[in-house]
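One structure below.
Coordinate-derived values only; no laboratory data. On a predicted model such as this, the values are computed, not experimentally measured, just so you know. When we count neighbours, we look across all protein chains shown, and the Cβ atoms used for this are built from the backbone with ideal geometry, even at glycine.
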């Protein structure tokens, strides 16, 4: 939903229960992880006999990730304000292509061709439970990205009402103005346009009966983020056991990225908004991947 939903769909989801939202994000992320693995296997089967390399699967899978599924997430990272300045509009497409190429390199160098770490005593019907290391990382990275979204929602649920810009229905924040504790607009003499936009957002929220300054996180609780941490953490420690004693480094990098860099992204984006959540998702996945590449050799 966060990756591709329309503004209207996102607005309808604002009143959904946090537990339902958590489940949806995790299931969709897991489904894409499995689909990306299927895409890699399909392309590898079609090209291996002719090329004897996995460059084509890496390139096509990276294109699907960067240009389709996680396009908005990558653009959210590129649009992150640094020292009050954003990336120029003309640089967004080149930046998107560069990041997509980087994803392709991670996929290409993530193949552990010298050790498939297979469990030979598993029945043939259960071999799918212990895939090759690359497929484990492709699946786990999506779960960690989903968890980054889930952990930011409860810990930053007051961002929309504590002097930070509110979150609008399309996931954008009202720039250059602040909201009061009651959800009203703190007027800014320097930015009349921002004041007008904030007042319009306040009127829209009143008409809809929805406080969209924290709508997506209104029912969030840190306990749920903790519960949803169990799956990616447990699977990471089990699936990366062949890296012992370095098997804890990739999940640790993901947790630090989600909490540290994710929180920083929320602040740089001016509060809890769709862009900050998407950026945290993708950055956490990259942190997990890079940590794995650093210890896999």
Original post:
Quick one: which of 271-283, 225-237, 82-94 comes out on top by average Cβ neighbours within 10 Å, and what's the full order, highest first?
Top reply: 271-283, 225-237, 82-94
**OP:** Order by neighbour count: 125, 257, fewest other Cβ atoms within 10 Å first, most last.
**Re:** 125, 257
Original post:
Taking the alpha-carbon centroid of each part, what is the distance from the range 111-153 to the range 218-297 in angstrom?
Top reply: 15
Subject >> Shape metrics for the range 21-115, restricted to C-alpha atoms - Rg then Dmax, Å >> reply: 15.9, 51
Original post:
Of 37, 25, how do they rank once you tally other Cβ atoms within 10 Å and put the fewest first?
Top reply: 37, 25
Subject >> Relative packing of peptides 41-52, 239-250, 70-81 - highest average C-beta neighbours within 10 Å first >> reply: 70-81, 239-250, 41-52
